[in-house]
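The structure appears right after this line, and notes come after that.
The values are calculated or read from the model by the stated rules, or taken from the named source; none is laboratory data. Everything numeric in this text was worked out from a predicted model, so none of it was measured. As a convention, Cβ positions derive from the backbone with ideal geometry for all residues, glycine included, and neighbour counts pool all protein chains shown. Areas reflect the complete protein model, heavy atoms only, side chains present, ligands, DNA and RNA absent. Shrake-Rupley method; radii C 1.70, N 1.55, O 1.52, S 1.80 Å.
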Amino acid sequence: MTAQDTAPLRRRGLIAPHTFEDVFDVPGSIRAMAVLRIVLAPVVVVHLWPFLVDTLDGVSYLDHFNEPWFTFLPQAPAGAQVALIWTGVAGAVAMGLGWHTRLAAPLTTVCVAGNFFLSQRHFRHNRAFLIFLLVAVALSDSGRILSLDARRRRSDGVGPPDDRATLWPLWLLRIMASSVYLASGISKLIDPDWAGGLVLWDRAVRHQHLVATRVPEPIAGWVVDLVTQRWVHAVTSPLAVAMEVCIGVGLWFGRTRIAAVWVAVLFHLSIELSASVEVFSLAAVAALAIWATPSTRDRRVVVSDDAMAGRIRRLDWLARFDVRVDPGAAAEPHGVEVHDRDGSTLHGREALQMVRSRLPLTFFIVAPRNRWR
Amino acid sequence: MEGTGTIVRTRWRARLVRAFFVAVLLAQSVLILRSYDDPHNFFGFQPFNESSTWRADIVRVTADGSRIPIDEPWPSDGDRYDWNDLVGWRVVQHPERTKHAYSGLDASLDFLDEALDWVADHTPDDTETRYLEADVTGFRNTRGPDERVLRSDEREEAR
């Protein structure tokens, strides 16, 4: 395989390859997939943990009510589930470390999917989404960077790691991920009970006793009074639907992508606080990394001191910036200057905001103040 | 990385990758559309779709026509059979209590129907029960009641 830089992307309009062939033939950075791979490792372990505990107690899916997905196939024996669970956990650890990633990631995917398809009881929408993510990571060559594989290649004298590889798994995952937001949003939009607020209101009324377990008094009483009001849900339900649809569409356009990612983080935080969705929130927020432009260090940051450069490098998990130290930058307000990928230069506070808005840990706080640019 | 600018694959591999890509997208589209006709909305990504509730009175109907609630003694050689232990899943445990319909009313009742069959098929020491029957009362998004009778398969052991 040979590769070169990703073709220039249209920054403000639709973010898509120029042709169908470009999906497969134009390489780019798979760093986002590597970050996703690392986050998915603990997610998979947490997901499999209850099953693993059951295997330690000698309990398998066959010991209780189960419903096969495919009735024409014989049911897998209990030992097969034990093997899937334990191999899946070991595979996830190896996948997270990037140790024999080309084997570990597909193996983990097969184990998680295999356990999932043992019984319809194992179905959850969030688990199906997790399998999408795992399949995409398994298909991508994410072990090229941020992995023990990359470290081993470097120590073997192969040279510095190259993070460019085929991007079709990334494009596939982008389509799948946005389709999940759209499917969820549209199904609620066309359901008058949902869009009109009845579903959320009734849910809030019946689960109001849970507020006291999550919110201290006297605020709990005030919260219960508020969330059991019918009109509140007549307002918030259409907003929730609009959020999902806007995320699913907005992620595809340069002009709205940053806002869509921010809304998606807010959306998943609100779900995590109000519902039990297992590992979905962490997996879904991590998956937002795939919307970063698949090129690395194509913005240059010039800072005045090593300490600031070190902080940016440590937090720049998606390698957005080529960080350079120039004592002359001390003359700049805030001691920072950014040369953006479109050739423009940002100074002072604006430059600092740009940097912070592209670092995953500070993105959510800073992005709104950066006017979504 | 040095190279010619594009990823080079053999012809068959290039076709395979493209075919896989298109097949996955087609499958995803079909699954999402099909989910509207599926009580479980499998792979339709319609979480929190309803705020429905249900409860059920489940009885064992014996060969002589008696209707015995499942919380009364259940014949077995070893440990006493217990509905909640047998199903081992909160979605269909404690059917006598009004509970949230997991994944919607149709999905919950479909699982209850399958659970009746499973329990009927996994209580070999019970030689008196012909079938299990559930009188279900459901409320779909506060509307109802929606009353149904679900019945397990007939059991060979009681014939």
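Things worth noting here:
- Computed lengthening from residue A:214 to residue A:326, 0.36 nm per intervening residue step minus Cα-Cα distance: 35.4 nm
- Between amide H atoms placed 1.01 Å from N, distances below 5 Å from residue B:98 occur with no residue 5 or more places distant or on a separate chain.
- When a 1.4 Å probe is rolled over the protein heavy atoms, the share of accessible surface on region A:147-251 that falls to carbon and sulfur comes to 69 percent.
- Built amide H within the under 5 Å cut-off of residue B:8, gap 5+: A:2
- Debye-sum result for region B:15-114 in log10 I(q)/I(0), which assumes one identical scatterer on each alpha carbon, at q = 0.19, 0.23 Å⁻¹: -0.96, -1.17
- Global geometry of chain A, whether rounded, prolate or oblate, following the gyration tensor of its Cα atoms and the 1.5 cut on a/c: oblate
- Taking every residue in B:80-86 and counting other chain Cβ atoms within 10 Å of its Cβ, the average works out to 1.
- Distant-in-sequence amide H partners of residue A:336 (H built 1.01 Å from N, under 5 Å): A:348
- Using θ = phi - 60° and Karplus 6.51 cos²θ - 1.76 cosθ + 1.60, couplings along region B:10-16 (whole Hz; Gly, Pro as x): 5, 4, 5, 6, 4, 5, 4
- Counting, for every residue in A:14-22, the Cβ atoms of other protein chains within 10 Å of its Cβ and taking the mean gives 1.
- The residues of the protein assembly as shown have, on average, 47 Å² of accessible surface per residue, using a 1.4 Å probe with all protein chains present.
- 3J(HN,Hα) along region A:104-113: 5, 5, x, 4, 4, 4, 4, 5, 5, 5 Hz, from the Karplus curve 6.51 cos²θ - 1.76 cosθ + 1.60 with θ = phi - 60°, whole Hz, x for Gly and Pro.
- Within 10 Å of each Cβ in A:192-203, the average number of Cβ atoms from other chains: 4
- Under 17 Å from the residue A:21 label point (7 Å along Cα→beta-carbon), backbone N, region B:6-47: B:6-19
- Projected label distance in nm at residue A:151 and residue A:207, using a 7 Å step from Cα toward the beta-carbon: 4.1 nm
- Three-way shape call for region A:292-373 based on the alpha-carbon gyration tensor, with the a/c threshold at 1.5: rounded
- The Cα atoms of region A:6-82 give a gyration tensor whose axes a ≥ b ≥ c have a/c of 1.5 or more with a/b greater than b/c, which makes the shape prolate.
- Integer Hz, Karplus 6.51/-1.76/1.60 couplings in order for region A:123-132, x for Gly and Pro: 6, 9, 4, 5, 6, 4, 5, 4, 5, 3
- With R₀ fixed at 51 Å, the C-beta to C-beta distance from residue A:222 to residue B:57 puts the FRET efficiency at about 0.80.
- Estimated [θ] at 222 nm from DSSP helical runs (n ≥ 4, -39500 (n - 2.57)) normalised by residues in chain B, nearest 500: -9500 deg cm²/dmol
- Extending 7 Å from Cα along the Cβ direction at residue B:142 and again at residue A:131 yields two label points whose distance is 3.6 nm.
- Chain B and chain A together bury an accessible surface of about 4800 square angstrom, both sides counted, with a 1.4 Å probe and no ligands or nucleic acids included.
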